[in-house]
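A quick write-up on the structure given underneath.
The values are calculated or read from the model by the stated rules, or taken from the named source; none is laboratory data. Since the model is a prediction, treat every value here as computed from it, not as a measurement. When we count neighbours, we look across all protein chains shown, and the Cβ atoms used for this are built from the backbone with ideal geometry, even at glycine. Ligands, DNA and RNA are excluded from the accessible area calculation, which covers all protein heavy atoms including side chains. Shrake-Rupley method; radii C 1.70, N 1.55, O 1.52, S 1.80 Å.
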Amino acid sequence: MCDADMARLAAYLDDRLPGWSVMWSPARRAFTAFGACTPECTIIEDKRVDDLIDQMRDAQLAALAAVRPVKVGQ
């Protein structure tokens, strides 16, 4: 894929993943996601979009777990 395709893919993710801002960096040849849906500033970078999405999901789930701890045995 060329840089224009990668930039379009980043824009697609940016539009469809609420709480995240996603961009493509041609200089680093990587995607970067900035999380507004996590309590702390979260920046995730990966060259593969699938791995980026997995890391974004993990960060979002960790943020939710910190806010709503699971109560066991009640």
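Points worth noting:
- Mean residue ellipticity at 222 nm, helices only, the chain: -15000 deg cm²/dmol; runs of at least 4 DSSP H residues each add -39,500 (n - 2.57), and the sum is divided by the number of residues.
- Amide proton proximity set for Ala30, modelled H, under 5 Å, gap of 5+: Ser25
- Principal axes of the chain: Cα extent on each, largest first, Å: 53, 19, 17
- Per residue, the solvent-accessible area of segment 4-63 (1.4 Å probe, heavy atoms of protein chains only, all protein chains present) comes to 61 Å².
- Remark: segment 9-52 carries a charge dipole of roughly 180 debye about the Cα centre, counting +1 on each Lys and Arg Cβ and -1 on each Asp and Glu Cβ.
- Distances between placed amide hydrogens fall under 5 Å for Trp20 paired with Ala36, all partners being 5 or more residues away or on another chain.
- Derived scalar couplings ³J(HN,Hα) [segment 21-34; Karplus, 6.51 cos²θ - 1.76 cosθ + 1.60; whole Hz; x for Gly, Pro]: 10, 10, 9, 10, 10, x, 5, 9, 6, 8, 8, 10, 10, 10
- Selected from Pro18, Leu64, Leu52, residue furthest toward positive end of dipole (the chain; charges at beta carbon): Leu64
- Between amide H atoms placed 1.01 Å from N, distances below 5 Å from Thr42 occur with Gly35, all of them 5 or more places distant or on a separate chain.
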